[in-house]
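Engineer: Let me give you the structure first, and then I'll get to my questions.
No value in this document is a laboratory result; all are computed from the given coordinates. As the structure is a prediction and not an experimental result, all values here were calculated from the model. Please note: Cβ atoms are built from the backbone with ideal geometry, for glycine as well, and neighbour counts cover all protein chains shown.
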Amino acid sequence: MRLRIDLAYDGTGFHGWAAQPTLRTVQGDVEAALATALRSERVPVVCAGRTDTGVHARGQVLHLDVDPAVLAASAGRATEPPLEALARRLNGILAADVRVHRVSEAPPGFDARFGATWRRYAYRVADRPDLVDPLARLHVLAWSRPLDLAAMQTAADDLVGQHDFASFCRRREGATTIRTLLELAWSRDADGLAVATVRADAFCHSMVRSLVGCLLAVGDGRRPPTWPAEVLAAGVRSPAVAVAHAHGLTLEEVAYAEDDQLAARAEQTRARRTCD
């Protein structure tokens with residue numbers, strides 16, 4: 001049977017999501033905890049989005065396949081259902097900077113990565129001295145100059161839609177950089193922090209932080225609002241675009257197709273993207 005796990009983590013102490021020899025990663029910790037909880041040698045998982053070193057998540061999703069008999073046996077003498085028992089055991093094994101929110105049986109055709117219709121990230125910036133909270137220093141970027149959110153939004157609007165985001169991505173061999181950016185919006189939260197909401201069907205490596213870094217240069221007056229669109233049109237990565245620090249970024253939510261459309265969505269996502 002295929003299981004879906006919803007989890008959150010503070011990325012500060014991790015070298016990103018993907019397992020790496022000798023380094024602590026979220027995938028490494030989760031797979032090790034699953035192996036212990038299920039009494040198995042190795043339990044590979046697939047996640048919705050691989051976060052970079054220092055990036056956080058509130059709404060990460062992963063899937064794994066497990067023999068129902070193994071799942072039932074892992075519950076032992078627990079009185080709660082096996083899936084609830086597994087969630088409890090995982091949280092007892094994992095360190096406090098990773099929490100499993102729920103474990104559920106996935107519907108047929110579910111794929112945490114390829115079945116997603118969009119991912120939503122938030123990037124938080126404190127751009128006034130009174131907004132800089134030492135207790136939030138690992139999750140909010142402290143910016144030394146005030147930001148003009150109206151100018152940033154004007155620039156952001158030019159980036160929404162389906163484009164080749166090669167200018168904002170680190171290229172990977174054989175991978176396309178065409179993505180559909182569904183939302184790129186700046187606003188102030190209740191505390192006054194500047195928050196970028198970034199939503200797309202998928203993201204390239206470092207894409208969100210590159211977009212944010214480009215827009216920060218507009219917000220503090222170093223670049224005009226027309227500059228991000230010029231960077232996009234160039235089609236090549238520009239050294240003038242600074243990649244924003246990882247700690248201000250959080251994966252907030254992943255959305256999926258309806259149950260009866262999951263298989264079709266996964267097949268569509270696997271197809272190589274081209275600009276319409």
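Engineer: Within the range 133-162, whose backbone N sits under 12 Å from a point 7 Å along Cα→Cβ of ASP97?
Structural biologist: Taking a point 7 Å out along Cα→Cβ of ASP97, the residues of the range 133-162 whose backbone N falls under 12 Å are 138-139.
Engineer: Now for a separate question. In debye, nearest 20: dipole of the chain around its Cα centre with unit charges on the Cβ of K, R (+) and D, E (-)?
Structural biologist: The calculation lands at about 640 debye.
Engineer: A follow-up question, please. Relative to the present Cα-Cα distance, how much length would full extension add between ARG88 and LEU135 at 0.36 nm per residue of separation?
Structural biologist: 14.1 nm is the gain from fully extending ARG88 to LEU135.
Engineer: If I stretch the segment between ARG58 and GLU41 completely, what's the gain in nm (0.36 nm per residue apart, minus their alpha carbon distance), one decimal?
Structural biologist: That works out to 3.3 nm of additional length.
Engineer: Classify the range 1-113: rounded, prolate or oblate, from the alpha-carbon gyration tensor (a ≥ b ≥ c, eigenvalue square roots; a/c under 1.5 rounded; otherwise prolate if a/b is larger than b/c)?
Structural biologist: It comes out prolate by the Cα gyration axes.
Engineer: Write down the percent of antiparallel bridges among all DSSP beta bridges whose residues are both part of the range 1-152, to the nearest 5.
Structural biologist: 90 percent
Engineer: Further question: What value, in deg cm²/dmol to 500, does the helix sum -39500 (n - 2.57) over DSSP H runs of n ≥ 4 give at 222 nm once divided by the residues of the chain?
Structural biologist: -7500 deg cm²/dmol
Engineer: Something else about it: Suppose R0 equals 30 Å; then what is the FRET efficiency for GLU253 and ARG222 from their Cβ-Cβ distance, rounded to the nearest 0.05?
Structural biologist: Approximately 0.45, to the nearest 0.05.
Engineer: Quick check: residue separation of ARG270 and GLU80 times 0.36 nm, minus the Cα distance between them. What number comes out in nm?
Structural biologist: 64.6 nm
Engineer: Normalising by the residue count of the chain, find the relative contact order in percent from Cα pairs under 8 Å and 6+ residues apart.
Structural biologist: 23 percent
Engineer: Let me ask you something else. Report, for the chain, the % of DSSP beta bridges that are antiparallel, rounded to 5.
Structural biologist: So the antiparallel bridges amount to about 90 percent of the total.
Engineer: Can you give me the distance in nm between label points at SER104 and GLN162, each placed 7 Å from the Cα along the Cα-to-Cβ direction?
Structural biologist: 3.0 nm
Engineer: Still on this structure: So what is the relative contact order for the range 2-105, in percent, with contacts set as C-alpha pairs under 8 Å and at least six apart?
Structural biologist: 39 percent
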